[in-house]
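Shown next, in structure tokens, is the structure this report addresses.
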Amino acid sequence: MINCCGLGDLIPRRVPWSPELQARMSLLAERVGDNWRAISLLSATMALSACTITTQAPIPPTATSPTVTPPLDEMRPLTPTEKAALAKTLTQTLKDANAAQFKWLPVAASGSGPIGYCGLVNVKNSSGGYVGFRRFFAMISKGPKGDYIEGRIEHIESIPVTSRGNSTEDDAVETGLTEDNCKEWGYVDFNGAI
């Protein structure tokens, strides 16, 4: 049996330890002293926190939203004032808000409450170069005058919204969520973005 850190013969020994390993374990036991419980708890906490998975599901239309795929006659272009107001609020989650470039699509003419909106955005990468226009999905809402004035980008195709700067598995997730959300809200053709 192994006698490590005061555990006595609680741990069965299957393979004999080499003298070098025994010396290292003794040194570890000396240095840890009475803190072994705290270190064990910290190790267990770190191991369990690594098991946590954060997933995002596509944001579904709400009951007050317009139909998922409104007829084209129910869509209208954004006004210059709406574009300026939305650009200001949509860029708040981006790493370099002042550098973002937008290409806009028509928006639902009717509806109340937050609605899903898609367009194209060009942002800078960590090296300072533009990555090219990518699809984005945002939730936008109207102000008291009935014009769209605020919103938040939820997903950008192949770019984490929080811009960690590294390409990761999250990029693939962002691409899928952007595409799914845009389709659910009726945005499938991005060729008309201006």
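Since every read-out is calculated from the coordinates, none of them should be taken as a lab result. Here the structure is a predicted model, which means the values were calculated and not measured. For neighbour counting, all protein chains shown are included, and Cβ atoms are generated from backbone atoms with ideal geometry for every residue, glycine included.
Peptide packing: for 182-188, 106-112, the average count of neighbouring Cβ atoms within 10 Å per residue gives the ranking 182-188, 106-112, highest mean first. Between SER158 and SER112, the FRET efficiency from the beta-carbon distance, with R0 = 35 Å, is close to 0.60.
Each Lys and Arg contributes +1 and each Asp and Glu -1, all at the Cβ; summed about the Cα centre of the stretch 95-155, the dipole is approximately 120 debye. The residues neighbouring LYS142, those whose beta-carbon lies less than 13 Å from its own, together hold a net charge of -1 under the Lys/Arg +1, Asp/Glu -1 convention. For TYR187, the amide hydrogen comes within under 5 Å of no other amide hydrogen, counting only partners 5 or more places away or on other chains and with H modelled in the peptide plane.
A straight Cα-to-Cα reach below 21 Å connects LYS145 with the lysines LYS83, LYS88, residues fewer than 8 places away in its own chain not being considered. Here the label points at ILE194 and ASN122, each 7 Å from Cα along the C-beta direction, are separated by 1.8 nm in the simple model.
Evaluating 6.51 cos²θ - 1.76 cosθ + 1.60 at θ = phi - 60° for every residue in the stretch 95-108, the Karplus couplings come out as 5, 10, 4, 6, 8, 5, 10, 10, 10, 9, 10, x, 10, 4 Hz, glycine and proline recorded as x.
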